[in-house]
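All remarks here apply to the structure that follows.
The values are calculated or read from the model by the stated rules, or taken from the named source; none is laboratory data. Since we're looking at a predicted model, the values are computed, not measured. Quick reminder, even Gly has a Cβ in these numbers, built from the backbone with ideal geometry, and neighbours come from all protein chains shown. These accessible areas exclude ligands, DNA and RNA; they are computed on the full protein's heavy atoms, side chains included. Shrake-Rupley method; radii C 1.70, N 1.55, O 1.52, S 1.80 Å.
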Amino acid sequence: METPSEDEAVVPLYLGLDLSTQQLKAVVVDDELKILHTASVQFDSDLPEFRTHGGVVQNKLNSLVVTTPTLLWVKALDMLMDRLTVCGVEFSKIVAISGTAQQHGSVFWYKGAEETLQKLDPSEFLHHQLASCFSTSNSPVWMDSSTTVFCRQLEESVGGPKKLSEITGSRAYERFTASQIAKVAKLNTDAYNNTERISLVSSFLCSLFLGKIAPIDYADASGMNIMDLQTKQWNEKLLKVCGGADLEEKLGKPVVSYTNLGDISPYYVDRWEFSKDCKVIAFTGDNPASMAGMRLGKGWLAISLGTSDTLILWLNERIVVTEGHIFCNPVDEDAYMGLLCYKNGSLTREKIRDKCCDGSWEIFNHLLDSTPRGNFGNMGFYFATQEINPYLQGDYRFNKAGEKVLKFTSLEVEVRALIEGQFIAKRAHVEDIGFDFDENTKILATGGASKNHAILQVMADVFNAPVYIQETSDSAMLGAAFQAKHGLHRPTDFFEITKCLPEPKLVCEPYTDSNEIYAPMVERYRKIAEELETLVTPNYATQ
Ligand code: 5FX
């Protein structure tokens, strides 16, 4: 057999897509996973005809109802493909595609939609051909919180929130798909009855590439409140409460997250000159894809410090949790991932910075560095907006004797109380979700505040673990591109596929006495949170 000349040798490329709340983005990487091209479409500014704000439409009569016109996403894909062409992407070299999308949102395909997908005309835009393919023209998205009554029904049907969490990995949340489907089935029955299939946003985008309705992957399916995490099948009782006998068929069978679903639709071969052998790998949710993009393996905990703080962690086993979420692991079907979301992130940190430091991070860091670890026994918990976990709002300050105080004695104590308090609570929750802390624990810090060394030092000390950072941003989109290569090359392990990438950089190590100082403070936090929470009655509709 002749070896191909350099010109003839095909350099494989991989395409990763990310359909987030405000934009649709794509990245093309080479075989070494090096970024070659990126392109994006901003929903508000590039598609103004849909009149979205931040990519969504808030219902004028009921602000809890938040949706995105489904056709906007289709049109965004038409535009994105044009932009990738202008960038000079050689579609014929792409050997595999995968993608990711905001979690929990749903797409209701009208009867006959799959046939339309199978017979797409390559001379026409997708959005012209799919205009009448949706039985609800607006897709509920993760920001919707209008389904409280259906959440309670779901929990009651299986014996309470804890039982629902035991089955699905989470108690009922308004944004999770099961209660959203139940709402459509109950309040928009005609649309529900005319629905051929229901996709998550991720599997919907995947369907557009596959030319038929794509299966939902295990990791994103775990954000629905309807899949049994043990059997990885839809739970019969929950199917019944949400939709009825035909819901199982509408959802299709879920699959392992890195499943190779087969060849790309001929539409892309004819219209964009993709190779007919290009494979489509199952798409997943943005948090699981971020886990892949950060290459978060065993022993790693990712802490994203942004508008809302988010923690993602690798779990070997699953335990039952009533706060936080357990999802199937996107890169290893035998493992799980934990997800903890907090509403009080950078805005709360900025509020204290403005109050104590005239808006200066420099002064903030100076104050943080000038107070001792443990803050003389003072502890503070600050929730500028209603927090999910713990379910509290307001500022709570405690002195060394455990007494509630209205003010601390100095600004530096306040600043340290804020940062220590945020990490102490997170450490308690990470322990509660089943993460094993040991000498191999490593933290990956991401998001805006991960550039702040003083904050990262407190993180290292409270968690008693070294803190690392990584150059890359857009971890969900990159995770999708890595998953494209992983899915194509299975059974090769994900970490083998991605080992060509640079290692994260160590930025902070804990002081040797950190655990002695913070382990008792974590215990103190547990007691304080429990006591404070008994004083409030949760109104879960705001979560
Ligand atoms: C997670 O449960 C969420 O609702 C969000 O992180 C969305 O996935 C954002 F897209």
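Between residue 410 and residue 509, residue separation times 0.36 nm minus the direct Cα-Cα distance comes to 32.9 nm. Measuring from label point to label point, each 7 Å out along Cα→Cβ, what is the residue 317 to residue 451 span in nm? So the two model labels end up 4.2 nm from each other.
When Rg and the Kirkwood radius Rh are both evaluated on Cα atoms of region 64-111, their ratio Rg/Rh stands at 1.07.
How high is the FRET efficiency from residue 354 to residue 59, r the C-beta distance, R0 41 Å, rounded to 0.05?
The pair residue 354/residue 59 has a calculated efficiency of 0.80.
Expressed in units of 2.2 N^0.38 Å, where N is the residue count, the Cα radius of gyration of region 158-202 is 1.34. Given R0 = 45 Å, the distance between the Cβ atoms of residue 490 and residue 186 translates into a calculated FRET efficiency of 0.65.
Beta bridges per DSSP, both residues in the chain: antiparallel share near 75 percent. Among the lysines in region 431-543, how many pairs, 8 or more places apart or on different chains, have alpha carbons under 29 Å apart? Final tally of qualifying lysine pairs is 9.
Heavy-atom surface analysis with a 1.4 Å probe gives the chain a carbon and sulfur content of 50 percent of its accessible area. Out of every Cα-Cα pair that the chain contains, those further apart than 34 angstrom amount to 40 percent. Helical runs (DSSP H, four residues minimum) scored at -39500 (n - 2.57) apiece and divided by the length of the chain put the mean residue ellipticity at 222 nm at -11000 deg cm²/dmol. For region 11-287, the fraction of C-alpha pairs farther apart than 23 angstrom is 51 percent.
Which of the peptides 429-437, 42-50 is most tightly packed, and how do the rest follow, judged by the mean count of other Cβ atoms within 10 Å per residue?
Averaged packing, sorted descending, gives the order 429-437, 42-50.
Surface exposure of the chain, expressed per residue as accessible area with a 1.4 Å probe, stands at 41 Å².
Per the Debye formula on identical point scatterers at the alpha carbon atoms of region 422-540, with no solvent, log10 I(q)/I(0) at q = 0.19, 0.21, 0.22 Å⁻¹ is -1.08, -1.17, -1.22. For residue 127, the solvent-accessible surface with a 1.4 Å probe is about 30 Å², rounded to the nearest 10.
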